[in-house]
Amino acid sequence: MANIKSAKKRVLVNRTKAARNKAIKSGVKTAVKKVEAAVAAKDKAAASAALLAATSAIEKAATKGVYHKNTAARKVSRLAKLVNHL
């Protein structure tokens, strides 16, 4: 464990940020699973609605720096491709 005050603060701040990032990533994963479940059930309306929510969650994560913008774009593209092929 760190002994210097600034190093102790960095540990605390990093824990806080890691928890925030984990929560955001978890939300994105949940949204993606909802889209995939709707696609598996061949429910076009539910898949489209879930895609809209998932896209929003992914874009917000990219804006907050949790995902790189290209990673976010790739995730959105793959989900849109799944839904469009229904």
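Note on region 1-47: residues that are hydrophobic (A, V, I, L, M, F, W, C), under 27 Å from residue 65 (Cβ atoms) and in contact (Cβ under 8 Å) with a residue 12 or more places away in the chain amount to 5.
Checked across region 6-13, the condition of being modelled with pLDDT of 95 or more, over 26 Å from residue 86 (Cβ atoms), within 11 Å of the chain's Cα centre (by Cα) and part of a helix (DSSP H, G or I) holds for no residue.
Per-residue answers, yes or no, for (1) outside any helix (DSSP H, G or I); (2) surrounded by 12 or more Cβ atoms within 10 Å (Cβ to Cβ):
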site: 16; (1), (2): no, no
site: 22; (1), (2): no, no
site: 26; (1), (2): no, no
site: 32; (1), (2): no, yes
site: 35; (1), (2): no, yes
site: 48; (1), (2): no, yes
site: 55; (1), (2): no, yes
site: 66; (1), (2): yes, yes
site: 73; (1), (2): no, yes
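Considering region 75-86, and only residues there that are open to solvent by 90 Å² or more (accessible area, probe 1.4 Å) and not basic (Lys, Arg), the residue that is farthest from the chain's Cα centre (by Cα) turns out to be 85.
The values are calculated or read from the model by the stated rules, or taken from the named source; none is laboratory data. Remember, predicted model here, so these are calculated numbers, not experimental data. No Cβ is skipped: glycine too gets one built from the backbone with ideal geometry, and neighbour counts run over all protein chains shown. Only protein heavy atoms, including side chains, enter the accessible area calculation; ligands, DNA and RNA are left aside. Shrake-Rupley method; radii C 1.70, N 1.55, O 1.52, S 1.80 Å.
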